[in-house]
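J.: Handing you a structure now.
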Amino acid sequence: MPVSVSPPSDVIPSSAPRSPRNWKRWVLGILALLGIIAVLVGIKAAQIGAMIQAGASYVSPPESVSSAKAETVTWQSSQRAVGTVIAVRGVTLGSELSGIVREIGFENGARVKKGQVLVQLDTSSETAQLTGAEAEAELARLTLTRVQSLYTQGSRPQAELEIAQARAVQAEAAVANLRALIAKKVIRAPFEGRIGIRQVELGQAAGPGSPIASLQSVDPVHVEFLLPQQALVEVKPGQKVRIGVDVFPKDAWEGTLTTINPEVELASRNVRMRATVPNADGRLLPGMFATVEVLSEETRQVVAIPTTAVLFAPYGDSVFVIEEAKDAAGKPSLVVQQRFTRLGERRGDFIVVDSGLKPGETVVSNGVFKLRNGAAVVVNNALAPRPESAPQPVAP
C-alpha cells in the first residue's frame with residue numbers, strides 16, 4: 001500500500017500569502033526614506049533661497065581711486081620730431097704731403113683757434129733748398145737790373161734783356177714753390193673748434209692723406225630732423241625750436257629754425273629741416289640723438305586730463321566722471337559715470353579732450369580698469385603720482 005508523507009510543518013509553500021506585518025515594515029521604511037529626502041530638499045531650498053536673497057541685497061564695497069580735475073590750460077602749438085646734432089663745420093684733418101712728424105701742438109679734446117699750428121712735419125730738406133733758391137733769385141734780380149741798365153744805354157740787345165727777365169721769374173717761382181711746400185707741411189686749424197683724439201705721434205712717417213684728428217665747430221651746432229609734408233602749413237624759417245637730449249634729461253636748449261629743404265623726400269614724403277642752436281657749454285656733441293619741438297607763435301585753450309584717466313578700447317575711449325549720489329540708506333556717496341570722449345594731442349602725462357568732458361569735472365585718474373558704470377568709489381589721492389607736462393625719469 002502506498003505510504004503518504006506529509007511535509008514538515010516549518011516549510012511554507014511559495015504560493016502562500018505574505019504576513020501583514022512584513023508589508024507594514026516595507027511601507028514604513030519607504031515613508032521614512034521619503035521623509036528624510038523631503039527634509040533634505042527643504043533644507044537645501046532654504047539655503048539656496050537665503051543665498052539668492054543675500055546676492056540680491058549685496059552691495060559691492062566702494063573702490064579706492066585717485067582723482068583729477070579737467071582743467072582748461074593754454075598750450076602752444078608745436079610740431080615734434082627726432083633729429084641728430086651735427087657740427088656747423090666739421091673736418092678730418094690730414095697731411096697733404098708726406099713727412100716725419102716733428103711737433104704736435106694740441107692736446108686731445110682741446111679747443112683750438114683758427115690758424116693754430118697743430119702738426120709740424122720735417123722741412124729740413126725744403127728749408128735747405130729754399131736758401132739756395134733765394135740766392136739764385138737774388139742773383140737773377142741783380143742780373144736783370146744790370147741788363148736793364150745796359151739795354152737802356154744801348155749796350156745790350158733786347159733778347160738778352162728778355163732772357164734775364166725770364167730767369168728772374170723762374171727763380172722767384174722756385175722760391176715760391178719751396179715756400180708753399182714748407183707751408184703745406186705745417187698743418188693749421190682751418191677754423192675754431194674742438195679737436196678730437198690725435199691719430200699721429202712724434203716721429204711717425206705721415207703719408208699724403210693720413211688722418212691727424214677730427215675738428216668740429218660746436219658753438220653753435222645744427223640739428224637736422226624730418227617733419228611730414230603737412231607740417232609745411234604751420235612751419236616757417238625763424239620759428240623757435242626747443243631741443244632735448246637723453247644725456248641731459250633735465251636741460252633744454254632753444255634755437256631757431258634756419259633752413260627748410262626745398263624738396264620733399266619721395267620715399268617718406270617728409271621734409272628735411274635744420275635748426276641752429278647755441279652751444280656755449282659744448283655739451284651738445286655732433287652725432288647725438290635729439291628730440292625737437294618746433295614752437296608755433298599761436299596758442300590755444302584746451303581741456304587736459306592725465307593720460308592715465310583714459311580707458312582705451314577698440315570701440316571707443318572713455319573716462320569715468322565722479323559724481324555725488326546717495327546710497328540705499330540715504331547717505332551721500334560718490335559714484336562714477338562712464339563717458340565716451342574724443343581725444344587730441346598728447347603732451348607729457350596729459351592728453352587733450354576735444355569732446356565728451358567739460359572743464360571743472362572730476363575724473364578718475366588711477367584705477368579706471370577696475371570700474372564699471374555706476375560703481376561706488378572712495379577718493380584717495382595720498383599716493384597718487386603727480387602728472388607733469390614734461391616728465392623726467394627718476395634715477396634709481
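J.: Where in the chain lies the longest segment free of chymotrypsin sites (Phe, Trp or Tyr not before Pro) that are both loop residues by DSSP (not H, G, I, E, B) and have at most 13 other Cβ atoms within 10 Å?
T.: 59-311
J.: Can you compute the charge dipole magnitude of the range 39-185 about its Cα centre, using +1 on each Lys and Arg Cβ and -1 on each Asp and Glu Cβ, nothing else charged? Give it in debye, rounded to the nearest 20.
T.: With Lys and Arg at +1 and Asp and Glu at -1, about 520 debye.
J.: May I ask you to list the GluC sites (Glu not before Pro) in the range 161-244 that are in a DSSP loop and have at most 11 other Cβ atoms within 10 Å of their Cβ?
T.: 201
J.: Helix 158-184: angle to the longest alpha-carbon principal axis of the chain, degrees 0 to 90, nearest 10?
T.: Helix 158-184 sits at roughly 30 degrees to that axis.
J.: Same structure again: Inverting the mean 1/r over all pairs of different Cα atoms, compute the Kirkwood radius of the range 115-253 and quote it in Å.
T.: Every distinct Cα pair counted, the radius reaches 21.3 Å.
J.: Going by how many other Cβ atoms sit within 10 Å of their own, how do 362, 341 line up, fewest first? Write out the running numbers ahead of the final one.
T.: Details: 362 18, 341 21.
By the 10 Å Cβ count, ascending, the order reads 362, 341.
J.: Write down the Kirkwood hydrodynamic radius of the range 171-315, to one decimal in angstroms, obtained as one divided by the mean of 1/r over all alpha carbon pairs. List each step's numbers first, then the result.
T.: On the way: mean 1/r = 0.0497 Å⁻¹.
Answer for the range 171-315: a Kirkwood hydrodynamic radius of 20.1 Å.
J.: Which residue fluctuates most in the GNM of the chain (Cα springs below 10 Å): 286, 208, 190?
T.: 208
J.: While we're looking at this one, here's another question. Test of understanding: ordering 308, 92 by Cβ neighbours within 10 Å, fewest first, what list do you get?
T.: 92, 308
J.: Compute the helix-to-body angle for 20-57: its Cα long axis versus the longest principal axis of the chain, expressed 0 to 90° and rounded to tens.
T.: The helix 20-57 is inclined about 40 degrees to the chain.
J.: For residue 114, go through the aspartates and glutamates and keep the ones whose alpha-carbon is under 16 Å away, minus same-chain ones fewer than eight residues off.
T.: The reachable aspartates and glutamates, counting only those whose Cα sits under 16 Å from residue 114, are 192, 219.
J.: Putting +1 on Lys and Arg Cβ atoms and -1 on Asp and Glu Cβ atoms, find which of 164, 285, 151 reaches farthest to the positive end of the dipole of the chain.
T.: Result: 285, furthest along the dipole toward the positive end.
J.: Tell me, what ³J(HN,Hα) does each residue in the range 273-283 have, in order and in whole Hz, if you take phi through Karplus 6.51 cos²θ - 1.76 cosθ + 1.60 with θ = phi - 60° and put x for Gly and Pro?
T.: 3J(HN,Hα) across the range 273-283, in whole Hz: 10, 9, 10, 10, 10, x, 9, 5, 7, x, 7.
J.: Taking Cα atoms, how many degrees apart are the long axis of helix 124-153 and the longest axis of the chain, rounded to 10 and kept between 0 and 90?
T.: With both axes taken from Cα atoms, the answer is about 40 degrees.
J.: Show me the trypsin sites (Lys or Arg not before Pro) within the range 106-200 that DSSP assigns to loop and that have at most 11 other Cβ atoms within 10 Å of their Cβ. All intermediate terms of the calculation are to be shown ahead of the outcome.
T.: Values: sites: 111, 113, 114, 141, 146, 167, 179, 184, 185, 188, 194, 198; in loops: 113, 114, 185, 198.
Here the sparse-neighbourhood loop sites are 113, 114.
J.: With the cut-off at 29 Å, report for the chain the share of all Cα pairs above it, as a whole percent. Write out the running numbers ahead of the final one.
T.: Working: 57407 of 78210 pairs.
Value for the chain (Cα pairs over 29 Å): 73 percent.
J.: Here's another thing I want to ask about it. Diagonalise the Cα gyration tensor of the range 123-184 and give the resulting equivalent ellipsoid semi-axes, square root of 5 times each eigenvalue, largest first, whole Å.
T.: 30, 9, 6
J.: Can you put 74, 307 in order of Cβ neighbours within 10 angstrom, beginning with the fewest?
T.: So the residues, fewest neighbours to most, are 74, 307.
J.: Distance cut-off 24 Å, Cα to Cα: go down the list 113/240; 331/358; 69/370 and report the pairs above it. Don't skip to the end; give the middle numbers.
T.: On the way: 113/240 30 Å; 331/358 27 Å; 69/370 20 Å.
Beyond 24 Å: 113/240; 331/358.
J.: About the Cα centre of the range 149-233, what is the dipole size in debye to 20, counting +1 per Lys and Arg Cβ and -1 per Asp and Glu Cβ, all else neutral?
T.: Dipole of the range 149-233, to the nearest 20 debye: 260 debye.
Taken together, the values in this text are just the output of simple stated rules run on the coordinates, not laboratory data. Computed from a predicted model, the values in this text were never measured in an experiment. Glycine gets a Cβ as well: all are built from the backbone with ideal geometry, and neighbour counts include every protein chain shown.
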